[in-house]
1. Would you please report the Å³ per residue occupied by the convex hull of the alpha carbon atoms in the range 2-125?
2. For labels at Ala100 and Leu21 in the simple 7 Å Cα→Cβ model, what's the distance in nm?
3. Once you have the Cα-Cα distance between Ala93 and Asn28, take 0.36 nm times their residue separation minus that, and quote the gain in nm to one decimal.
4. With a cut-off of 8 Å between alpha carbons and a minimum separation of six or more residues, what is the relative contact order of the range 2-125 in percent?
5. I need Asp67, Asp17 ordered by Cβ neighbour count within 10 Å, fewest first.
Amino acid sequence: MSLCPATPESAIEYVRDRLDLVLVMTVNPGFGGQSFLESQVEKIRRIRSMIGDRPIRLEVDGGITRDNATAVAAAGADALVAGSAVFRGKSSADHAANIAAIRAAAEAGRRPKLQDSSEQRVRAEQGALIR
């Protein structure tokens with residue numbers, strides 16, 4: 001299920017036991033390069049809480065950069081989708097460095113949560129945050 005910025009998290013309430021993935025859009029869909037909507041971080045946190053221990057992945061797409069990846073991961077995202085931030089620069093080395101920076105920022109946001117619960121450890125073992 002995908003939620004646009006204007007869609008409240010309560011939209012998943014009645015179907016969450018049938019979901020395996022929730023995608024939170026942190027920009028209004030339509031074109032790349034938009035700025036991340038900070039208001040969505042708290043929404044991500046609330047959705048993570050609603051998911052609880054259900055086997056539901058929480059993915060976030062839109063405006064993801066190294067500057068906000070820590071907060072997004074700390075809020076509970078399992079996977080971050082980055083586009084424009086990856087392709088800044090002119091070379092594949094620049095792109096690889098951008099990916100590494102976003103991944104490192106996401107991992108930094110994720111680490112404190114790993115100490116809090118075994119559910120978080122299971123999520124950590126499921127693979128990289130950025131694909």
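Values quoted throughout were computed directly from the atomic coordinates according to the rules given, and no laboratory measurement underlies them. Keep in mind that this is a model prediction, so the values were computed, not measured. Cβ: placed from backbone, ideal geometry, glycine included. Neighbour counts: every protein chain shown.
1. Enclosed volume per residue, from the Cα hull, is 102 Å³.
2. Inter-label distance under the simple model: 2.8 nm.
3. Extending this stretch completely gives an extra 20.4 nm.
4. 22 percent
5. Taking fewest neighbouring Cβ atoms as first place, the list is Asp17, Asp67.
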